[in-house]
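Student: Mind looking over this structure? Questions follow.
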Amino acid sequence: MRVLAFGAALAASGLIVTMGGTAAHADIGILNDKSIQHGNARASYTDATDNLCARTLYTSSTHYAVAYIKRADGSTFASVRDTGATSSATCTGNLSIPEDASYYLQVADCIPVSNPTCTYSAKYQFYS
């Protein structure tokens, strides 16, 4: 498994840091290798089992989080949604992600009013 030197250094230090994004992509907190937080939404990817997980920190069903794995071209490889009505993360099964390829982890923090509103994290690059 290869990771970016920046991500590996953060994971080794155990620090939570933020990276600046554009107005459309607000800051993310890097919790550890392949685990990010944006607002009240978290996304994680486990390489050993090829699982993608989403978790909203809200406890009501009016909020939800969506975790994405995106290809280098920006297309979505996989996604999973978690509502605040659950007490744990919602995860995919084994995604069988091709090895030695670059992907991006992204999470959306959403409030589904009559017209759902989501804010998206910056993309966090990782290698499978």
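The values are calculated or read from the model by the stated rules, or taken from the named source; none is laboratory data. Worth saying up front: this structure is predicted, and the values here are computed from it rather than measured. Positions of Cβ are backbone-derived with ideal geometry, glycine not excepted, and every protein chain shown enters the neighbour counts. The accessibility values were calculated without ligands, DNA or RNA, using every heavy atom of the protein model including side chains. Shrake-Rupley method; radii C 1.70, N 1.55, O 1.52, S 1.80 Å.
Student: Is it fair to say ALA89 is within 15 Å of LEU52 (Cβ to Cβ) and open to solvent by less than 20 Å² (accessible area, probe 1.4 Å)?
Tutor: no
Student: Any chance you could count how many residues in segment 101-111 are more than 11 Å from ALA41 (Cβ to Cβ) and free of Cβ contacts under 8 Å to residues at least 60 places away in the same chain?
Tutor: 4
Student: Still on this structure, I have one more. Confirm whether GLY84 is modelled with pLDDT of 90 or more and not aliphatic (A, V, I, L, M).
Tutor: The answer is no for GLY84.
Student: With respect to VAL107, is the statement that it is in contact with an Asp or Glu (Cβ under 9 Å, 6 or more places away or on another chain), at pLDDT 90 or above and not in a loop (DSSP other than H, G, I, E, B) true?
Tutor: No, not satisfied.
Student: What tally of residues in segment 30-45 results from selecting those that are modelled with pLDDT under 90 and either open to solvent by 60 Å² or more (accessible area, probe 1.4 Å) or not in a strand (DSSP E or B) (or both)?
Tutor: The number of residues fulfilling the criteria is 5.
Student: Separate question: Restricting to segment 64-104, name every residue that is within 15 Å of TYR127 (Cα to Cα), assigned to a loop (DSSP other than H, G, I, E, B) and touching a strand residue (DSSP E or B) at 6+ places or on another chain (Cβ under 6 Å).
Tutor: ALA72, LEU95
Student: Out of segment 110-128, which residues are of a type in the set (A, V, I, L, M), assigned to a loop (DSSP other than H, G, I, E, B) and either closer than 19 Å to THR49 by Cβ or touching a His at 6+ places or on another chain (Cβ under 6 Å) (or both)?
Tutor: ALA122
Student: Oh, and also: Among the numbered criteria (1) aromatic (Phe, Trp, Tyr); (2) modelled with pLDDT of 85 or more; (3) part of a loop (DSSP other than H, G, I, E, B), which one does TYR58 miss?
Tutor: (2)
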